[in-house]
Amino acid sequence: MTIETKPQVDSRSSVTYTDARLNANIPAGPIEQKWSKHKFEMKLVNPANRRKYTIIVVGTGLAGGAAAATLGEMGYNVQAFCYQDSARRAHSIAAQGGINAAKNYRNDGDSVYRLFYDTIKGGDFRAREANVYRLAELSVNIIDQCVAQGVPFAREYSGYLDNRSFGGAQVARTFYARGQTGQQLLIGAYQSLSRQVAAGTVKLNERTEMLDVIVIDGRARGIITRDMVTGKIESHVADAVILATGGYSNVFYLSTNAKGCNVTAAWRAHKRGAFFANPCYTQIHPTCIPVSGDHQSKLTLMSESLRNDGRVWVPKQAGDNRAPEQIPEDERDYYLERRYPSYGNLAPRDISSRAAKQVCDEGRGVGPGGLGVYLDFSDAIKRLGENAIRARYGNLFDMYERITGENPYKSPMRIYPAVHYTMGGLWVDYNLMSTIPGLFVGGEANFSDHGANRLGASALMQGLADGYFVLPSTIGNYLATGGYDKVDQSHPAVQEALNEVTQRTQKLLDINGTRSVDSFHRELGNIMWEYCGMSRTKEGLTHALKLIPELREQFWNDVRVLGSGNELNQELEKAGRVADFIELGELMCRDALERAESCGGHFREESQTPDGEALRNDDEYCYVSAWEHMGDPSQAVLHKENLEFENVKLATRSYK
Amino acid sequence: MKITVNVWRQKNAKTKGTIVKYNVDHVSPDMSFLEMLDVLNQQLIARGEEAIAFDHDCREGICGSCGVVINGYAHGGQQATTTCQLHMRSFKDGDEITVEPWRAKAFPVIKDLVVDRGAFDRIIRAGGFISAGTGSAPDANSTPVAKESADLAFDAAQCIGCGACVAACPNASAMLFTAAKVSHLGLLPQGQPERKTRVLNMVAQMDTEGFGGCTNIGECSAACPKEIGLHFIGRLNRDLLGASLTGGSSVD
Ligand SMILES: Cc1cc2nc3c(=O)[nH]c(=O)nc-3n(C[C@H](O)[C@H](O)[C@H](O)COP(=O)(O)OP(=O)(O)OC[C@H]3O[C@@H](n4cnc5c(N)ncnc54)[C@H](O)[C@@H]3O)c2cc1C
Ligand code: SF4
Ligand code: FES
C-alpha cells in the first residue's frame, strides 16, 4: 500500500522540520493570537451542508464523548463507537482528583500564561508551545461548559466554585467534584451525547470494537469493527475519522487503567501509516496502593490531591520494621520535604515516583516486600480534625480500607508508584490531525500537550479541550477543503481491510496453543516494568528488545483462545489487544533506547546529575520522536520534529 | 482458602442457562471477588473449558460495568460496595458462593453473567440532560449555587448506572436510577428550564422499557453501591406530580 505524503511546506510557520511529513502546521504570529487567528482563517462548512458529512468518532471518553456530542450539535452525521456496554463507562470515569483551569478565581496570581508555563515546564520542555498555549486558553471555557451542563463541582458556602492545588503548581487552579471529578465530567459529556442520540445526529455503537482503519488514496475513510456480542465484522465509511481511544498503560499489564484500556485502535492506525510519537513517555503515578500478590489484576490510584494534606515518609534506617506509630519523629525521613523544600509533598509525579523508588532501593521501603512508603495524615488530622479530612477525602479513605483492610484514619496509608498515563501517542499536528490525512486523534491517544510528563488534573482538561473545542473547528476546515471523492463499502480497500481483520481474528482462534492470553500479558508486563519502567538503561532495554520478539513468536504459536468468533468472547477480545501490546512494547523500548537523555517520566540511568536528578540533553534530544511503521516494530523508522521554544526559555526543571 | 462457587452459565440470549459448580483453591483474602473469578477462569482455560463471561472495566467501583448477584444479594450485600470492590476477606475457607446475573425483564442476559443494560441509556436519552450546546455557556461563577443544593445534586449524581437497584427490587423497578438523574439535574439552577419535561419523558421511557412499578420497598437503596437515598424517589414523585398537573409546561 502506498501512502501519498506530499511534503507541505508552510512558509507561515517558524518551526523547522527534520522531516517534511512532520509539519506541525503551527499558525504564525504571537502565541496569544495563534488560535483565534487560526479559527478565523480556517474554512467553514455551511450548517445546511453538515449533515451530508459522516464523521466517525471512536471512543466516548471525555475526548470522544465531547467531540461526538459537539459535532452532533453542529449538525454533522456522527457515528460513535465504544467497547463498553455504555458510553458512560469510558475510562475517563475513573479520574478522581480534578481538572485544571486558569480561571484565577482565587486571585492567587494564576493566568493563562502561568498555566501554559507550568505545563511546558512540567512536561520537561518536550511539548509544543503553541498546542500547550491553546490548551491553557481553552481551559476556562471548559469549566463554563461543564457547569452549564450540570456538572456538580465542589462549591464554597458562598455558592461559588471551590479549588484545590495539584502537583507541579503553586496556585490553586484545580476544580473538582469530591474524589469523582472524571465521573462527573464524563456524565456531563455523556448527557450531551445522549441528547444528540435522541436528536438523531449521533448513532452510538456500544460493545463494538474498532479493529482497523480504512485508508483510501492516502486518506482515512472509515473503520472496521467487530460487534462484541454477535462477532460480526463490519465496515463503516466516512469523510473523516477521530480516534479518542485513550492511553496504553496496560502494556505494563498492571496499571491504574481500566482493564479494557488498549492500544489497538491507535496501533492499527499506526500500521496504516500514522506515525507514533514518543511511545516511551509513560507516567508512573507516585500514590497507588501497593501490589498484594500474584493474583493482582490491576492497581488502584489514590488521588494526588491526598498529597495536599498527607506527608510522605519512610524510616531513616534501612530495615526498620517497627510499626509506623512506634517510629519517633526524628527517625523518620520526610524525603520529599527534605529534597524539594519549595514543593515538598506536591513535587511533580515523575520526581515523587523516582524518589519513592530510590528510598525503597536503599532498603527503607515499608510493608510486605519493602515496596511501599507511608502517606501519613496524622498531622493534618491533628490540625484540622478527622471530620475535615473525611469531608475532603472520605471516599478515597473508604476505598483504601476496602482494598487493604486497613484504616487510614488510624495508621498511615502505604503507597507505591504505578503506571498511570501515557504521554506518548499518535503524532498529530496543531489541528490534531495525524500523518494520515482525515485521521484525527484526541485525548490521551495523541501525544500532543504533555511533553515528557503530565501534570495532575491536566488530562481531563486536554481531553475536553480537544473534544469540545479543537476538533469541532479543525475537522470543519478539513472537510471544507475537500479534494477527495465519495466512497462506499464496495471499494476494494474496504474489502481488503475487512478480509485482513477477519483472517487475523480467525488466526487467533485457530492457534489453539497451551498458554492463556493473560499469561502472555503478564509476562510482557514484567518485561516492560523491569526494563522500560521507572528507570531505564541501555543494557536493560537491549535485553528487552531480545525478549519481546521471542514473546511475540511464542504468542502467535502457543496462545489458547477458546470459543468461537461468532459470539461474546472476552478471551478473543483480550488476545487481539495483547498481540498489539506486544508490538507496541517493542517500539517503546526502541524509543527509550534511542533517547539517551533523561526527561520527565523517561529516566535513563546513564543521564543523571550527581545528586540523582534527571539530566536532560537539549542539544541532542529537543525533538519529538515520531515512528513510521515499516512492516515490523524492529524496522520502524524514526522521524524527528524539532521543538523550538520562542516564549519559554529552556531551563533546568527544578522543584527544590 | 478454598471456595466452592456455583456460577450461572448461559451460552447466549437464546439458550437456557444453568448453575455449574466449581472449586477454587488458593484463594487469598486480599483478592477481589473478580480476581477470584480471574483465577477460576485461568483454571478453566487450562482444562480447555471456556472462561466465564462477566462485565468489568475499572475495577475501582466507579464505571458501573460490574455487577452480579452473590448469594442472593446484588453486588454481594456489603454496604456501599460494588462487586469489583468486594474482597475475599469477607468470605471464609470452605464457603459455597452462588453467582448469578442481574435478573430483570428489562436486562436480558447476553451470556453467563453479562446482561444488556441498554434500557438505562434509553432512559437518559429521553431527557436526562441539560440542553446546553457547546459554546453557549456563561462564566461558571455567574450563577452561584448554594453549597447545600450542589452537595445534594452531587449525592444524586454519583449513580454509576450499574443496575443493582433493579436487580435488588422485587418489582425490578428502575425508580432509584431514574430518581437519581432527575434529582441531580433538578437540584441545580441550570436544570430548571427542562425540569418538568425531563421527569415526564424519563418516567414514560422507564415504563416503556418494561421496568416494574415502585412500591417503596427500599431494597434498591440498600443494594446501591453509591448509597443513593430513597428520598430522591420522593423528589421524583413530587416533580412528577407537579409536572403532570401542568402538563409539562414550565409556566404554572
Ligand atoms: C485512576 C485514574 C485517575 C485519574 N485522575 C485524573 C485526574 O484527576 N485529573 C486528570 O486530569 N486526569 C486524570 N487521569 C487521566 C485521565 O482520566 C485520562 O487521561 C483521560 O480521561 C483519558 O480520556 P480519553 O477521552 O482520552 O480516553 P478514555 O476515557 O480512556 O476513553 C477511551 C474510549 O475509547 C474507547 N475505545 C478504546 N479502544 C477502542 C477500540 N479499539 N474500539 C472502540 N472503542 C475503543 C473506549 O470504549 C472509551 O470509550 C486519571 C487516570 C486514571 C487511570
Ligand atoms: S441508583 Fe445505585 S444501584 Fe441503581 S444504578 Fe445507580 S448506582 Fe447502581
Ligand atoms: S468494574 Fe467498574 S465498577 Fe466494578
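Summarising the label geometry, the points placed 7 Å from Cα in the beta-carbon direction at B:Asn23 and B:Thr197 lie 6.3 nm from one another. Across the protein assembly as shown, Cα-Cα pairs farther apart than 36 Å form 45% of the total.
Counting Cβ atoms of other protein chains within 10 Å of each residue's Cβ and taking the mean over peptide B:148-159 gives 5.
Please determine, in degrees from 0 to 90 and to the nearest 10, the orientation of helix A:492-511 with respect to the longest principal axis defined by the Cα atoms of chain A, where the helix direction is its Cα long axis. Between the helix axis and the principal axis of chain A, the angle is about 50 degrees. The range A:502-519 and the range A:54-111 have Cα centres spaced 34 Å apart.
In degrees from 0 to 90, rounded to the nearest 10, what is the angle of the helix A:517-532 Cα long axis to the longest principal axis of chain A? Helix A:517-532 and the main axis of chain A meet at about 60 degrees.
Note on A:184-194: average number of Cβ atoms from other chains within 10 Å of each residue's Cβ is 5. Distance from the C-alpha centroid of the range A:126-191 to that of the range A:362-439: 19 Å, rounded to the whole angstrom. Averaging sequence separations of C-alpha pairs under 8 Å and six or more residues apart, then dividing by the length of chain B, give the relative contact order as a whole percent. It rounds to 19 percent for chain B. With Cα atoms defining each centre, the range B:128-183 and the range A:537-611 are spaced 41 Å apart in the structure. If R0 equals 56 Å, the separation of the Cβ atoms of A:Ala199 and A:Glu406 corresponds to a calculated FRET efficiency of about 0.70. Each Lys and Arg Cβ is given +1 and each Asp and Glu Cβ -1; about its Cα centre, the range A:252-325 then shows a dipole of about 420 debye. The antiparallel fraction among DSSP beta bridges confined to chain B stands at about 75%. Helix B:195-208 and the longest principal axis of the Cα set of chain B meet at an angle near 40°. DSSP bridge analysis restricted to chain A gives an antiparallel fraction near 70%, rounded to the nearest 5. Over all directions, what mean area does the Cα convex hull of the range B:107-242 project, stated in square nanometres? The orientation-averaged projected area of the Cα hull of the range B:107-242 comes to 8.9 nm². Please give me, ordered by residue number, the GluC sites (Glu not before Pro) of the range A:356-452 that lie in loop per DSSP and have at most 15 other Cβ atoms within 10 Å. Loop-located and lightly packed - A:Glu362, A:Glu406. Each Cα pair under 8 Å and six or more residues apart adds its separation to the average, and for chain A the resulting relative contact order is 20 percent. Figure legend: label point modelled 7 angstrom from the Cα of A:Glu325 along Cα→Cβ; residues of the range A:348-381 with amide N under 13 Å from it are A:378.
Taking 20 Å as the limit for the C-alpha separation, the pairs A:Lys382/B:Lys226; B:Lys16/B:Lys105; B:Lys21/B:Lys111 exceed it in the case of A:Lys382/B:Lys226. At a Förster distance of 60 Å, what's the computed FRET efficiency of A:Thr542 paired with A:Lys52, Cβ-Cβ distance as r, to 0.05? The calculated FRET efficiency here is 0.70. Given R0 = 35 Å, the distance between the Cβ atoms of B:Asn12 and A:Gln635 translates into a calculated FRET efficiency of 0.25.
Working from label points 7 Å from Cα in the Cα-to-Cβ sense, the A:Ser158 to A:Thr502 distance is 6.5 nm.
The Cα atoms of chain B give a gyration tensor whose axes a ≥ b ≥ c have a/c of 1.5 or more with a/b greater than b/c, which makes the shape prolate.
Once you've got the Cα coordinates, tell me which of A:Lys538/A:Lys656; A:Lys232/B:Lys11; A:Lys52/A:Lys574; A:Lys121/A:Lys546 are over 25 Å apart.
A:Lys538/A:Lys656; A:Lys52/A:Lys574; A:Lys121/A:Lys546
Within 10 Å of the Cβ of each residue in A:157-163, the mean number of Cβ atoms contributed by other protein chains is 4. Calculate the spin-label point distance for A:Asp108 paired with A:Asn647, positioning each point 7 Å from the Cα along the beta-carbon direction, and give it in nanometres. Each label point lies 7 Å from its Cα, and together they span 2.3 nm. Can you list the residues of the range A:588-627 with backbone N under 14 Å from a point 7 Å past the Cα of A:Lys656, pointing along Cα to Cβ? What the label zone holds, given the 14 Å backbone N cut-off, is A:609-615.
None of the figures in this text is laboratory data; all of them are computed from the coordinates on show. Predicted model, so just to flag it, every value in this text is computed and none were measured. Every residue, glycine among them, receives a Cβ derived from its backbone with ideal geometry; neighbour counts consider all protein chains shown.
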